[in-house]
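Notes for the one structure printed next.
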Ligand SMILES: CC(C)(COP(=O)(O)OP(=O)(O)OC[C@H]1O[C@@H](n2cnc3c(N)ncnc32)[C@H](O)[C@@H]1OP(=O)(O)O)[C@@H](O)C(=O)NCCC(=O)NCCS
């Protein structure tokens, strides 16, 4: 029986937006997605925007499309290194049949270590994609960017 304390992964709903904005601002203080862009992603990817919830608290999210392009993922700071990012990533991987790829800032060593631990490899690099920072393109085996 659901006791309100188990972890649930479910599709994002518009009522979640305030918690999502909070997680986003904490995870990406210099370049957070705005409320409007998060809602735009929800319209664009539908069931590819999922949240990880415990009781009424959203602890993290991942956004990916039907072709396996991951747009963003984050876990609340105080809940990191507990395997929650891996749960979200594994969910996305299953739903895209093992095909996932993404761009990540070359200076985001935490995210790069995380993605490597998920089995991703660096398959490309785009100079100054983020202004003064390059993007690494990382992909799961057999995944290819469009
Ligand atoms: C990247 C992020 C989502 C990972 O979430 P998480 O819940 O902490 O990740 P997990 O606990 O599932 O970690 C799985 C593995 O990833 C690696 N990893 C995760 N965080 C790491 C860190 N800070 N340093 C080195 N390796 C790390 C480890 O191998 C870890 O396994 P371990 O804890 O058994 O050693 C989280 O750090 C985050 O929200 N960062 C800010 C937002 C961000 O940069 N998102 C990615 C943008 S592209």
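List of remarks:
- Unique match (being farther than 19 Å from residue 141 by Cβ, away from the ligand (no atom under 11 Å from the Cβ) and in contact with a strand residue (DSSP E or B) (Cβ under 8 Å, 6 or more places away or on another chain)) among 63, 126: 126
- Filtering region 8-23 to residues that are under 11 Å from residue 60 (Cβ atoms) and either in a helix (DSSP H, G or I) or out of contact with any helix residue (DSSP H, G or I) (no Cβ under 7 Å at 6 or more places or on another chain) (or both) leaves 19, 20, 23.
- Verdict on residue 106 being at pLDDT 95 or above, crowded, with 16+ Cβ neighbours inside 10 Å, more than 11 Å from the chain's Cα centre (by Cα) and assigned by TED's automatic domain parsing to the domain that holds residue 137: yes
- Filtered by the rule that a residue be under 16 Å from residue 19 (Cα atoms) and out of contact with any helix residue (DSSP H, G or I) (no Cβ under 8 Å at 6 or more places or on another chain), region 73-88 gives 78, 79.
- Among the criteria (1) in contact (Cβ under 8 Å) with a residue 60 or more places away in the chain; (2) near the ligand (Cβ under 7 Å from one of its atoms); (3) under 19 Å from residue 41 (Cα atoms), the one residue 88 does not fulfil is (2).
The values are calculated or read from the model by the stated rules, or taken from the named source; none is laboratory data. Note that the structure is a prediction, hence the values are computed from the model and not measured. In this analysis, Cβ positions are derived from the backbone assuming ideal geometry, glycine residues included, and neighbour counts consider all displayed protein chains.
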